1. Once the Cα atoms of helix 2-15 and of the chain are each reduced to a long axis, what angle between those two axes, in degrees from 0 to 90 to the nearest 10, is obtained?
2. For Phe183, put the label point 7 Å out on the Cα→Cβ axis and report which residues of the range 120-163 keep their amide N under 17 Å from it.
3. Relative contact order (percent) for the range 85-125, with alpha-carbon contacts under 8 angstrom and 6 or more residues of separation?
4. Identify which of the listed values of Cα extents along the principal axes in Å was calculated from the structure shown: (1) 60, 31, 24; (2) 96, 46, 33; (3) 56, 44, 27.
5. What list of ³J(HN,Hα) couplings, whole Hz, do you get for the range 126-143 from phi and the Karplus terms 6.51, -1.76, 1.60, once you set θ to phi - 60° and write x for glycine and proline?
6. Can you run phi through the Karplus equation (6.51, -1.76, 1.60; θ = phi - 60°) for the range 46-56 and list ³J(HN,Hα) in whole Hz, with x for Gly and Pro?
7. Applying 1/(1 + (r/R0)^6) with R0 = 35 Å to the Cβ-Cβ distance of Asp201 and Ala114, what FRET efficiency is obtained, to the nearest 0.05?
8. Set the Förster radius R0 to 41 Å, insert the Cβ-Cβ distance between Ala127 and Asn148 as r into 1/(1 + (r/R0)^6), and round the FRET efficiency to 0.05.
Amino acid sequence: MRKLILTSALVAACAAPAAAEMELSFYSGWQTSPHSRATGTLPGGGDYNALIGWEGNSFEMPPYYGVRGTWWRSETLGFGLEFTHAKVYADKGDREALGFSAMEFTDGHNIITANVMRRWPNQWGAATPYVGGGIGFAMPHVDVEHPNGKTFGYQVTGPAARATAGVSYPINDRFSVFGEYQFTYSWNEADLDGGGSLKTDIKTNAVNFGLSLNF
C-alpha cells in the first residue's frame, strides 16, 4: 500500500502541467489515541461491550510515520493522497477483563485518504501555513488473540477521515521542513477468526515533523 501511494503521487506529478507543483512529504512524530468503546462477539460465542484505553507507543517498532503526495494546482489549492501508519494497543487491564491476551492494530492502524489542501504562501515571512482534510478508509493489521482463536492479518475495516493544520518553512528551492497537528477518525469493524467480531471507532491525535520535496 505504501508503494501504491508513492506510485500514484509520482504518476500525478508526471501528468501535471508545468505550472503545477508536486510535493512529497514524509513525517513522523508523537501519536496518541483516546479511549473508545469496543463491542462485538467473542470467538466461540458471547457478546462484549467495554470502554478500552488505547496506547500509541509511537517510537516502538514499527514506528509511527506517514507519507503525503500533494499536487498543487495553484499557489493556494492542492489535491493529493496520504498514507499514515498509526498504532493502537489496548490497555492490558481492559483487554484481559474481556478475556483477550492481545487486542491491537500495530502494523499498523493504516489510514489512506484522498485530500484537499489549502495554503497561504509566505504568510509569515518565509513560513507558509496550511490546512487540509481528507476521506478514505482504514486498513489496519488486526492482531487479536483470545482463548478460542487468534486473528492476525490486514483487513479493510471501514471509512476514515483526517484533518491537518501546520506550517512549512523552505530550506532551499527543493526542500522544506514542516510541523503540523493531525487528527484522524476511523470507523472499524473487524472479523475475528473463529466467528467473532470487533467494532470500535479509533481517534488519533498526532504532532508531526517532517521533510517535503517540491518539484
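1. 20
2. Only 130-136, 160-163 fall inside the zone, counting backbone N under 17 Å.
3. Relative contact order for the range 85-125 comes out at 45 percent.
4. Computed from the coordinates, Cα extents along the principal axes in Å corresponds to (1).
5. Using θ = phi - 60°, the values come out as 7, 7, 10, x, 8, 9, x, x, x, 10, x, 8, 9, 9, x, 8, 7, 10 Hz.
6. Coupling constants for the range 46-56: x, 9, 9, 7, 8, 7, 10, x, 10, 10, x Hz.
7. With R0 = 35 Å, the Cβ-Cβ based efficiency is 0.95.
8. 0.15
Bear in mind that the values in this text are calculations on the coordinates, not laboratory data. The model shown is predicted, which means the values in this text are computed figures rather than measured ones. No Cβ is skipped: glycine too gets one built from the backbone with ideal geometry, and neighbour counts run over all protein chains shown.
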